[in-house]
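Presented below is the structure to which this report refers.
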């Protein structure tokens, strides 16, 4: 049996080899040039499982440098396990400064949220995308959906939204709510709550979307119109809460609901941990009732 | 060809490839994300032949074996082709339609659609043209509009014939197909992706 | 407060420590060595090499050990390592007629040139637990026959092909130096896929998935009347043409299992009735995988052979997009990640919808009462 090298293989800066980075960088430029179009790329097998952010990680690895400050969030929080794991990965392989502060970050990798703090020009928001094709659940075949995009033939999506109205009296889609980018491509904003959709519209930040398993990269350049699909008589609307955040008192942020005892008592907290902490520093929000964790 | 030319005659490439190419790529990405914005390429190595520093840096950063390169006659010199082959491995091709990247001078106009413009189903299978110009931010300014631009931008590119902008309008009308253009002068570059409408 | 999904670095580090501890198990039991895995769990190593698409017994054995015998996890480990390796080029196509076969059988003829060689197989074992294996003991070596490594072993398919009974093997795939092969670990899959790319996908595909699909074709979901033209297992040389030499040199010898499935074909407008091929190849000894692959390969040729493609195994996008167990395992298991933001969005809407329904019902009751 042949010998195994004892020492760990030396990996390139930011893990990916330079050839792979060039391939991803070329795909990113194409994605920026054709906003909302999904560019196929030769996605690599990453040391993290598919579905756990391999697309976002490859995009981040292809753009990140020693001058960057990286923030990683999952569900809006910096301290969820997957965010911790990905942040640790880049601190290790890319020798990069990390932060939990939205406004300090030059690159923010996210799963399922857009930060509440408005993003600035020069920031890059990297989304982890599970299913990049917005039409996939309506038409499972890639050959078909590719043709529909080529022809701008989006009737199937309109019909689906209309059926939702006929059945529920409203568009009952809540996350991964489809958007029209620059009046040309229907795009999946990734499974962010529709609450976050308005933040994508004409954002000063660059949005990059990476889907590792499906091997697609797409982008929304700064200041690009991103319209959530709707109808004149059923305009797009976002979630609202009658409660406020138990920690910072926020009424305008996306709130996570927690069940705090077995009688079903609820507590509401900001999903964006950085935003919540900043506000707690500013106003002394009312403290939550001490409830034992489940 | 350049049998007499040894490796020592080839202009130097990156010293610390991962970091230099990363910085330059971010510059190119900024240019694409903000069409019309003049981006300066810092610390790029000295360019070979008639290439400017920004063009050489662009090639070192983005070209490789997988990107056939077309050189306009003015740039198709041993200094340039040896530099490209040695540092990037990009195959230099004679057919414009095969090229992923093309290097052109500002005064030799070629119809954009003689390069690959992609297809309706795969608009990404298109060429990127790097056009060397005398200066950026100098000369007659035109209004640019489109993704990446907040409202409109007034952009001046020196040395282009007005016909260029008619051709550009035709290229833009092919969207999502069409070529993307990068203007390069000295250490600076400006990107003009296909989605940008330019008032002529 | 709420800690169920929030875990800092410490929690993760402790989880990793626990995993390493579980891997080792009871310290009173001797630790398993990579040699032991390679030699005594060799078929597990073969599967990991095949679906990991990396021929390296030592690395595959390491992956099996690290994954505690979870072969899909081991395949993932090997793939993630493979992807970081530099590539020197593509080898020449294997010539399996040069195989030194340990086993070779054909079910289409009673005897074939070169003979039926049973070799090591479970086929004729009675599946009775062998309790003598429960204890370590000296095991006698099997008798061996002299083997002529210099002679070639003609493929049954080639013989049928000469008669015109079997479609010719696709020549473009068998031409040395035909240029760089497409490689779906470097480029994304594009549909419709050419057959070489399909075969690469199937070779890397999950054995269980292919087995079920292949089985479904036998039960009428895309039946094409398969016969095992030949299965062979043994060592074949690997050749490579270094750019600086310009001619092929032998760089290794690897064990492979090859299956040529021979299938009925009614003929078409241009082609008289003849037999068609389905092809399977796996690293090491993996007959179930090679046969399943050959069945699915043939099923996926439905369109090319003008057959109605009505069954799952004939549906290229369906098969190729779901065959990869590293992709499938990752995406199924990603449901373990927190999804509470999306769930919160759903809660808000479902509550609102329920409130509307209740309000409507109340209204209806009031109206009825008023009548």
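Computed from the coordinates by the stated procedures, all read-outs in this text should not be read as laboratory data. It should be emphasised that the depicted structure is a prediction, and the values quoted were computed from it without experimental measurement. Glycine also receives a Cβ, built like all others from the backbone with ideal geometry; neighbour counts cover every protein chain displayed.
Evaluate peptide A:139-149: per residue, the Cβ atoms of other protein chains within 10 Å of its Cβ; return the mean as an integer.
Working: counts 0, 3, 6, 6, 6, 2, 0, 5, 2, 0, 4.
That works out to 3 on average.
Helix C:71-82 versus the longest principal axis of chain C: what angle, 0 to 90°, nearest 10, using Cα atoms?
Approximately 80 degrees, to the nearest ten.
Quick check: the angle from helix C:207-218's long axis to the longest principal axis of chain C, C-alpha only, nearest 10 degrees?
80
Classify region C:225-296 as rounded, prolate or oblate, taking a ≥ b ≥ c as the square roots of the eigenvalues of its Cα gyration tensor: rounded when a/c is under 1.5, otherwise prolate if a/b is larger than b/c and oblate if not. Please list the in-between numbers first.
Details: a/c = 3.97, a/b = 1.69, b/c = 2.35.
It is oblate, given that a/c is not under 1.5 and a/b is not larger than b/c.
Test of understanding: in a Gaussian network model of chain B with alpha carbons linked when under 10 Å, which of B:102, B:90, B:169 would top the mean-square fluctuation ranking?
B:169
Summarise the partner chain shielding of A:77-84 as one whole number: the mean count of Cβ atoms from other chains within 10 Å of each residue's Cβ.
Details: counts 5, 1, 5, 7, 11, 7, 2, 7.
Neighbouring Cβ atoms belonging to other protein chains average 6 per residue here.
Over what distance in Å are the Cα centres of region C:183-224 and region B:126-184 separated?
About 46 Å separates the Cα centre of region C:183-224 from the one of region B:126-184.
Helix C:340-370 sits at what angle to the longest principal axis of chain C, using alpha carbons and giving 0 to 90 degrees rounded to 10?
Helix C:340-370 and the main axis of chain C meet at about 50 degrees.
With a cut-off of 8 Å between alpha carbons and a minimum separation of six or more residues, what is the relative contact order of region A:8-228 in percent?
On the way: 456 pairs, mean separation 60.7, N = 221.
Normalised by residue count, the contact order of region A:8-228 is 27 percent.
If we sort A:154-160, B:130-136 on the protection proxy, mean other Cβ atoms within 10 Å, highest first, what's the order? List each step's numbers first, then the result.
Numbers: A:154-160: 13.7, B:130-136: 21.4.
Result, highest mean first: B:130-136, A:154-160.
Please report C:343, B:112, C:88 as a ranked list, fewest other C-beta atoms within 10 angstrom at the top and most at the bottom.
Values: C:343 16, B:112 22, C:88 10.
Ranked by crowding around the Cβ, least crowded first: C:88, C:343, B:112.
Cα-based Rg (one decimal) and Dmax (whole number) for region C:62-150, in Å?
Reported Rg and Dmax, both Å: 19.6, 48.
Provide the percentage of antiparallel DSSP beta bridges, counting only those with both residues in chain B; round to the nearest 5.
Working: 15 of 29 bridges.
Approximately 50 percent, going by the DSSP bridge assignments.
Pick from C:183, C:324, C:315: which is most flexible by mean-square fluctuation in a GNM of chain C where alpha carbon atoms under 10 Å apart are linked?
C:183
Can you give me the C-alpha center-to-center distance between region A:195-242 and region C:225-304, rounded to a whole angstrom?
Each part reduced to its Cα centre gives a spacing of 47 Å.
Only counting other Cβ atoms within 10 Å, I'd like B:163, B:143 sorted with the fewest neighbours first. Spell out each step's value before the answer.
Values: B:163 10, B:143 15.
Fewest-to-most ranking of B:163, B:143: B:163, B:143.
List the relative contact order of region B:2-199 as a percent without decimals, with contacts defined as Cα pairs under 8 Å and 6+ residues apart. Don't skip to the end; give the middle numbers.
Working: 425 pairs, mean separation 46.5, N = 198.
About 23 percent, as a whole number.
So what's the protein assembly as shown giving for Rg/Rh, alpha carbon basis, Kirkwood Rh from the mean inverse pair distance? Display every interim value, and only then the final one.
Working: Rg = 30.4 Å, Rh = 30.5 Å.
Result: Rg/Rh = 1.00.
Tell me the Kirkwood hydrodynamic radius of chain C in angstroms, computed as one over the mean inverse distance between distinct C-alpha pairs.
Values: mean 1/r = 0.0409 Å⁻¹.
Computed over Cα pairs of chain C, the Kirkwood hydrodynamic radius comes out at 24.5 Å.
Which residue fluctuates most in the GNM of chain C (Cα springs below 10 Å): C:34, C:59, C:347?
C:347
Other chains near B:180-191: what is the mean number of their Cβ atoms within 10 Å of each residue's Cβ?
1
Answer rounded, prolate or oblate for chain A, using the Cα gyration tensor with square roots of eigenvalues a ≥ b ≥ c: rounded when a/c is under 1.5, else prolate when a/b is larger than b/c, else oblate. Before the final figure, lay out the partial values.
Working: a/c = 1.73, a/b = 1.08, b/c = 1.60.
Oblate.
Rounded to the nearest 500, what is the 222 nm mean residue ellipticity of the protein assembly as shown from helices alone, with -39500 (n - 2.57) per DSSP H run of 4+ residues and division by all residues? Let's see the in-between values first.
On the way: 23 runs with 270 residues, N = 865.
Mean residue ellipticity, 222 nm, calculated: -9500 deg cm²/dmol.
For region A:67-106, what relative contact order do you get, as a whole percent, if you take Cα pairs closer than 8 Å and at least 6 residues apart? Write down the numbers at each step before the final one.
Values: 48 pairs, mean separation 20.7, N = 40.
Worked out over region A:67-106, it gives 52 percent.
Under the rule a/c < 1.5 gives rounded, and otherwise a/b versus b/c splits prolate from oblate, where does chain B land using the Cα gyration tensor? Numbers along the way, then the final one.
On the way: a/c = 1.70, a/b = 1.45, b/c = 1.17.
Taking the square roots of the gyration eigenvalues as a ≥ b ≥ c, chain B is prolate.
Taking every DSSP beta bridge with both residues inside the protein assembly as shown, roughly what % is antiparallel (nearest 5)? Could you put the intermediate results ahead of the total?
Details: 66 of 97 bridges.
Beta bridges within the protein assembly as shown, antiparallel portion: roughly 70 percent.
Measuring from label point to label point, each 7 Å out along Cα→Cβ, what is the residue B:98 to residue C:254 span in nm?
Result: 3.0 nm between the two label points.
Test of understanding: ordering C:323, C:97, B:17 by Cβ neighbours within 10 Å, fewest first, what list do you get?
Details: C:323 22, C:97 13, B:17 16.
Placing the least packed residue first, the sequence is C:97, B:17, C:323.
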